[in-house]
1. Any idea what Rg and Dmax come out to for the range 177-273 if you just take the C-alpha atoms, in Å?
2. Taking the Cα atoms of the chain, report the difference between the largest and smallest coordinate on each principal axis, in whole Å and largest first.
3. Normalise the Cα radius of gyration of the range 4-76 by 2.2 N^0.38 Å (N = residues in it) and let me know the number.
4. What net charge is computed for the residues neighbouring Arg45, neighbours being all others with C-beta under 13 Å from the C-beta of Arg45, Lys and Arg scored +1, Asp and Glu -1?
5. Could you list the square roots of 5 times each eigenvalue of the Cα gyration tensor of the range 67-170, that is, the equivalent ellipsoid semi-axes, sorted largest first and rounded to whole Å?
6. Would you please give the residues with an amide H less than 5 Å from that of Thr196, counting only those at least 5 places away or on a separate chain, with H modeled from the backbone geometry?
7. Run lengths n ≥ 4 of DSSP H only: what is the helix-derived mean residue ellipticity at 222 nm for the chain, with -39500 (n - 2.57) per run over all residues, to the nearest 500?
8. So if a site counts as exposed when it's one of the GluC sites (Glu not before Pro), its DSSP state isn't H, G, I, E or B, and it has at most 12 other Cβ atoms within 10 Å, what's the longest stretch of the chain without one?
Amino acid sequence: MSPVQLCYPNQINLAQLPTPLQRLDRLTHRLRQEQPNAPAIWVKRDDLTGSVLSGNKIRKLEFTLARAMAEGSDTIITCGGTQSNHCRATALLGAQLGLKVHLILRQDDPAQAQIDGNLFLDHLSGANVSIFPKENFSGCFKERLAEISKQYKSPYFIPTGASDGTGIWGYIRACEELKEDFSRAQIAPDYIVCATGSGGTQAGLTAGAVAYDLGAKVLGMAVCDSQVYFHNKVASDISAAKRLYPDSGLSKVRCQSHVNDTYIGEGYGLASGAVLKTIGQLAQTEGLVLDPTYTAKAFHGMLEEIKKGQLCDADDIVFVHTGGVFGLMARTQEFNF
Ligand SMILES: *Cc1c(COP(=O)(O)O)cnc(C)c1O
């Protein structure tokens, strides 16, 4: 299939791009001692999209915030867990762009919320923070949303992770960058692997890989929710983008999603000993820092699949490092040295 000519929605340049594509030589060598057919592992360093803005959310927010501002909104409302990377990126970008940011956050027990990691940066950036218990979050959330909406004239609501028909354009565009990366590195990877939490990164990559004819399958490693859930989420984000931007050319893109949901473990945000060990292993062999909620869970799953002989039809695999370092910094007590 030849590349599809895309016409992009409004975008504000906020991320430090392009991010590097890096081959993990030592890790690949080690892996091949255990599994001789293992592909070479590459990492797309989207943890380097900005210092405090680190991670994947900023690519999506370049489109989401452009839309909010074009609609004349000066107030942004979004939601997530107390250690949400998305909320932290929104809070800081809001400050940068002169927008008021309201965060509606979830925590098992709000009284226990430590002001560290991402939550610290939320407060530092002057965002308005409300924290509600997980049990009746949906009720509290609706009430708070209505309250804020009454107070401001045109607030713009961003759904969890900025994963919707607007945010996914960030990862469609990232495929244009990957096309260049692959050509420069002279590789034709068979798989692009990412952690999947709210599905937008995977949705953008899935559509973008077809639009830019990357010839790679995008595999989402679920960190919560089932395979069926994410097949539906990816499909609905892509169809929302086609519907919202009918002249973008995206309607010509036909794609299929691939999801592995077997490495979620105990649940969202909960990391097993094996996942924590993977964080140590990557830091020690490559100087690469993963986080327990997303990237390490996904990376661990990818390594386990390779050890079982899966994904070994590939010469090269690209893992998208979606960030998360501040979430790790809030959880140092889980490590023993
Ligand atoms: C949000 C997030 C993800 C998941 O991306 P989605 O687009 O929500 O699926 C992965 N890694 C990190 C570090 C994140 O913050």
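1. That works out to 14.5, 48 Å for Rg and Dmax.
2. The Cα atoms of the chain stretch 61, 52, 34 Å along the principal axes, largest first.
3. Working: Rg = 18.1 Å, N = 73, 2.2 N^0.38 = 11.2 Å.
Here the answer is 1.62, to two decimals.
4. Result for the neighbourhood of Arg45: -2.
5. That gives 21, 16, 13 Å for the three semi-axes.
6. Residues meeting the criterion, in which the H sits 1.01 Å from N, are Met221, Ala222, Val223.
7. -13000 deg cm²/dmol
8. 136-265
The values are calculated or read from the model by the stated rules, or taken from the named source; none is laboratory data. Keep in mind that this is a model prediction, so the values were computed, not measured. Every residue, glycine among them, receives a Cβ derived from its backbone with ideal geometry; neighbour counts consider all protein chains shown. Heads up: the accessible areas ignore ligands, DNA and RNA and are worked out on the full protein's heavy atoms, side chains in. Shrake-Rupley method; radii C 1.70, N 1.55, O 1.52, S 1.80 Å.
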